[in-house]
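This report concerns only the one structure given below.
The values are calculated or read from the model by the stated rules, or taken from the named source; none is laboratory data. What you see is a predicted model, and the numbers here were worked out from it, not measured in a lab. No Cβ is skipped: glycine too gets one built from the backbone with ideal geometry, and neighbour counts run over all protein chains shown. Side chains included, ligands, DNA and RNA excluded: accessible areas come from the protein's heavy atoms. Shrake-Rupley method; radii C 1.70, N 1.55, O 1.52, S 1.80 Å.
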Amino acid sequence: MENKWLNEAFKGEMSGGFQGKVGWQCPSNIALVKYWGKKGKQLPQNPSISFTLSECRSETFVDFEKAEKFGFQFFFEGKENSAFGAKIEKFLLENQSFFPFINQLNLKVESRNTFPHSSGIASSASSMSAFVMCLLNIESQMVGKNIDMKKASYFSRLASGSAARSVFPKMALWGATAAYESSSDEYAVTLESDIHPVFKTFHDSILVVSDAKKSVSSRAGHALMEGNPYASARYAQANDNVTNLLMALKSGDLDTFIDISESEAMQLHALMMCSHPSFILMKPNTLRIIEEVRAFRNESHIPLCFTLDAGPNVHLLYPEIVAKEIGYFVERRLVDYCVGNQWIIDKVGNGPKKLL
Ligand code: PMV
């Protein structure tokens, strides 16, 4: 793959008035089996599976014009943002053998997120994949070919690991597993045609327990796995969870889905608690919500479960058919645990969309 994309990279001289503007939106995604620990060049230590979201997304526009040398500016929500711009610039420069044409381009990037800035929701998956879609769109205009989604996932992964999963509809699997033939560590694959219809209706309601910036970056978190005494047991568990979850997704087995999703969330946090240094990323209200969710499920037998990202906010996962009951439950029992009573209603989505 890598060689194929190196060989087909546009290395010629750009035509004189080459310029234009492209725009893409890409969603965030929420992992069920978590990617936590990496190796080599941004490769995962274990396979992971996620839902692609719909409402939490980044919208990115890139103005481009032929120039004497590479030029780059990044604006986030209307303001120049050099910290985030530096990450994209670094990604471009590190991968310029695949995109040598950037040395003849001036790029002006404008990006915004549809989810609140202060929601504690990581935006790197949506923003990096939206940028990669724009870059591949510019390339496709030059070479007259359609965008290859495997390539979009591959370069999104290099920009930010979990971004590899954001470029596919419904659900994605990233990381090699014997349980899924076309799986790869280098890019994600869509699970759209391997999941029971119930999973295509899933909602993810995000309860914002804290809107503070994360106390440990995912880069630092992945690195901590290197010295973690439970690392190899964790990777074996994640592999088993992927195998079992793939079967449950196919058959529509909600009990197994709930069991694996909650266990993965707890493992992710347990790993951080026993890292050196140790981090506690849950807040007291995170635990209160978890207890309420489990009690509600036991009493009502409604298939509601939770997952967590590397932070205190709780993602409630449930099929569309019970959305009304969950809405009442959140308003009655959970919303007081959220900062400013904030919760974001999202659901499984269709992946990237061209805006321009
Ligand atoms: O893509 P990164 O490097 O931000 O890591 C993401 C890690 C988790 O969100 C905690 C899990 C995952 O699989 O998305």
Positions within segment 6-31 being touching an Asp or Glu at 6+ places or on another chain (Cβ under 8 Å) and either of a type in the set (Lys, Arg) or free of Cβ contacts under 8 Å to residues at least 60 places away in the same chain (or both), in sequence order: 19, 21
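Inside segment 250-356, counting only helices (runs of 4 or more DSSP H) that do not spill past its ends, which hold 2 or more residues that are touching a helix residue (DSSP H, G or I) at 6+ places or on another chain (Cβ under 6 Å)? So that I can check it myself, show each step before the final result.
On the way: elements: 254-273, 284-300, 323-329.
Output list reads 254-273, 284-300.
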Answer residue from segment 281-321, given it is in contact with a Ser or Thr (Cβ under 9 Å, 6 or more places away or on another chain) and among the β-branched types (Val, Ile, Thr) and is farthest from residue 32 (Cα to Cα) among those: 321
Check on residue 212, without any contact (Cβ under 8 Å) to a residue 60 or more places away in the chain and either assigned to a helix (DSSP H, G or I) or closer than 16 Å to residue 313 by Cα (or both): no
Residue 46, sole failed condition from (1) outside any loop (DSSP other than H, G, I, E, B); (2) modelled with pLDDT of 95 or more: (1)
Matching residues, segment 147-175, being among the aliphatic types (A, V, I, L, M) and within 15 Å of the ligand (Cβ to nearest atom): 158, 159, 163, 164, 167, 171, 172, 173
Conditions (1) closer than 30 Å to residue 335 by Cα; (2) among the β-branched types (Val, Ile, Thr); (3) open to solvent by less than 20 Å² (accessible area, probe 1.4 Å): number failed by residue 201: (3)
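Do you know which residues across segment 232-266 are among the hydrophobic types (A, V, I, L, M, F, W, C) and within 15 Å of the ligand (Cβ to nearest atom)?
Keep residues of segment 232-266 that are among the hydrophobic types (A, V, I, L, M, F, W, C), which gives 233, 236, 238, 242, 245-249, 254, 257-258, 260, 265-266.
Of everything in segment 232-266, those that are among the hydrophobic types (A, V, I, L, M, F, W, C) and within 15 Å of the ligand (Cβ to nearest atom) turn out to be 238, 242, 245, 260, 265, 266.
Only one of 273, 247 is open to solvent by 10 Å² or more (accessible area, probe 1.4 Å), within 20 Å of residue 230 (Cβ to Cβ) and not charged (D, E, K, R); which?
Values: 247 fails: within 20 Å of residue 230 (Cβ to Cβ).
Going through 273, 247 in turn, the sole match is 273.
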Lone unmet requirement of (1) of a type outside the set (Asp, Glu); (2) within 14 Å of the ligand (Cβ to nearest atom); (3) open to solvent by 50 Å² or more (accessible area, probe 1.4 Å) for residue 221: (3)
Scan of segment 1-23 for residues that are within 26 Å of residue 111 (Cα to Cα), within 26 Å of the chain's Cα centre (by Cα) and open to solvent by 30 Å² or more (accessible area, probe 1.4 Å), ordered by number: 21
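Conditions tested, residue by residue: (1) buried (at least 23 other Cβ atoms within 10 Å of the Cβ); (2) polar (S, T, N, Q).
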| position | (1), (2) |
| --- | --- |
| 93 | no, no |
| 98 | no, no |
| 111 | yes, yes |
| 115 | no, no |
| 120 | no, no |
| 133 | yes, no |
Test for residue 51: is it modelled with pLDDT of 95 or more and of a type in the set (Phe, Trp, Tyr): yes
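Considering only residues that are aliphatic (A, V, I, L, M) and either without any contact (Cβ under 8 Å) to a residue 24 or more places away in the chain or open to solvent by less than 10 Å² (accessible area, probe 1.4 Å) (or both), which ones fall in segment 32-68? Reasoning before the result, please.
Within segment 32-68, the first condition is being aliphatic (A, V, I, L, M), and the residues that meet it are 32-33, 43, 49, 53, 62, 67.
Result: 32, 33, 49, 53, 62.
Taking residue 159 as the residue in question, decide whether it is under 19 Å from residue 350 (Cα atoms) and within 19 Å of the chain's Cα centre (by Cα). Outline the logic, then answer.
Values: under 19 Å from residue 350 (Cα atoms): no; within 19 Å of the chain's Cα centre (by Cα): yes.
When the stated conditions are applied, residue 159 does not pass them.
Go through segment 155-208 and tell me which strands (runs of 3 or more DSSP E), entirely inside it, have 2 or more residues that are under 28 Å from residue 95 (Cβ atoms).
Numbers: elements: 171-174, 188-190, 202-207.
Qualifying strands (runs of 3 or more DSSP E): 171-174, 188-190.
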Any hit, segment 306-315, residues being aliphatic (A, V, I, L, M), open to solvent by 10 Å² or more (accessible area, probe 1.4 Å) and either out of contact with any Pro (no Cβ under 6 Å at 6 or more places or on another chain) or at pLDDT 95 or above (or both): no
Boolean, residue 325 is touching a Lys or Arg at 6+ places or on another chain (Cβ under 9 Å), away from the ligand (no atom under 16 Å from the Cβ) and open to solvent by 30 Å² or more (accessible area, probe 1.4 Å): no
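For every residue, the table says whether it meets (1) of a type in the set (Val, Ile, Thr); (2) modelled with pLDDT of 95 or more; (3) within 16 Å of the ligand (Cβ to nearest atom).
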{"site": "31", "(1), (2), (3)": "no, yes, yes"}
{"site": "74", "(1), (2), (3)": "no, yes, no"}
{"site": "98", "(1), (2), (3)": "no, yes, no"}
{"site": "114", "(1), (2), (3)": "yes, yes, no"}
{"site": "119", "(1), (2), (3)": "no, no, yes"}
{"site": "124", "(1), (2), (3)": "no, no, yes"}
{"site": "128", "(1), (2), (3)": "no, yes, yes"}
